[in-house]
Amino acid sequence: MARLPFGVARLDSILGGGAPPGSVVLLAGEAGAGAREFAYTSAAMNALARADEELFDLYYGDIDADASVPESVHYISFTADTGAITREMGYTMADEIVDAAVSEIEFRDLSPEYFQLSPVPRDWYETATASITELGERGEYEDVLTAFGDYLSEHGRGSLVCIDSVTDLVSMVSDDTDWSDVAMVMKGLKKAAYEWDALVLVLVNADALRDREFGTLMDAAGGTLQFSWESGGSQRARTMFVREFRGVLSRLEAENIVRFETEIHEGGFDISDVRKIR
């Protein structure tokens, strides 16, 4: 089966090139444990493959024979603009990677739709370059879930999509938005991603969700990568556990792999060690 690379070279190699097309994968875990860095690296490396082949070869290497890079890369955020995201990417990996990759990443900032019904002042999330005329013509934005769905419908096919983050959607649940709406969108996304042959990565802070909410999101995804901190003596280590992943987990179990130790370096998120069942 053809694969779409995650953009993490050692993980892609272990998985035979990456994830099956049509996969929705939750990146869930503790703050700073690597989930966000995984998303940044995935977006940047897949974009770099088209933006600068020499840099891609330097930091990633060869793509598996059974894999191909996505047709496009999209990064959707509900609360941060492009500048903030690219700046944080620069904290995760070398500047030359980010500088080259951003030209091939389509950013969609949904903060105007997200904040429009909140007490947050409009000038906090409107772009500073928008003219008074443009602001007047714009009027009210459409509902954030509708805007989110419309963007994916237009751009999802054959793409890598990073969603940052579904926790923001859960936090806006109120009289205007029910949890059932968020859950339904995620379930619909699973079906649509399969039709699009896309790879969709969904960031989620598991600590901010109730068990039932997290379980619903896991059920709506094809896979869940769990990121956590582990303490050993005086040191803490980042780890990644493949909690569930249809079409992938059986391969890992056949290799007796249960957990990965991870690190962050100039090439972004990476696997530093592979633990096997003893």
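Go through segment 83-102 and give me each residue that's small (Gly, Ala, Ser) and either closer than 15 Å to Asp164 by Cβ or in contact (Cβ under 8 Å) with a residue 12 or more places away in the chain (or both). Matches in segment 83-102: Gly83, Ala84, Ala94, Ala100, Ala101. Scanning segment 65-92 for residues that are surrounded by fewer than 16 Cβ atoms within 10 Å (Cβ to Cβ), under 26 Å from Ile14 (Cβ atoms) and touching a strand residue (DSSP E or B) at 6+ places or on another chain (Cβ under 9 Å) yields a total of 2.
If you check Asp95, Asp57 for being surrounded by fewer than 18 Cβ atoms within 10 Å (Cβ to Cβ), at pLDDT 95 or above, under 17 Å from Asp12 (Cβ atoms) and of a type in the set (D, E, K, R), only one passes: Asp57. Take Phe269 and decide whether it is surrounded by fewer than 17 Cβ atoms within 10 Å (Cβ to Cβ) and either assigned to a strand (DSSP E or B) or touching a helix residue (DSSP H, G or I) at 6+ places or on another chain (Cβ under 8 Å) (or both). No; evaluated as a whole, the condition is false for this residue.
Filtering segment 198-220 to residues that are closer than 13 Å to Val25 by Cβ and modelled with pLDDT under 90 leaves Leu217, Met218, Ala220.
The values are calculated or read from the model by the stated rules, or taken from the named source; none is laboratory data. What you see is a predicted model; the values in this text were computed from it and never measured. Please note: Cβ atoms are built from the backbone with ideal geometry, for glycine as well, and neighbour counts cover all protein chains shown.
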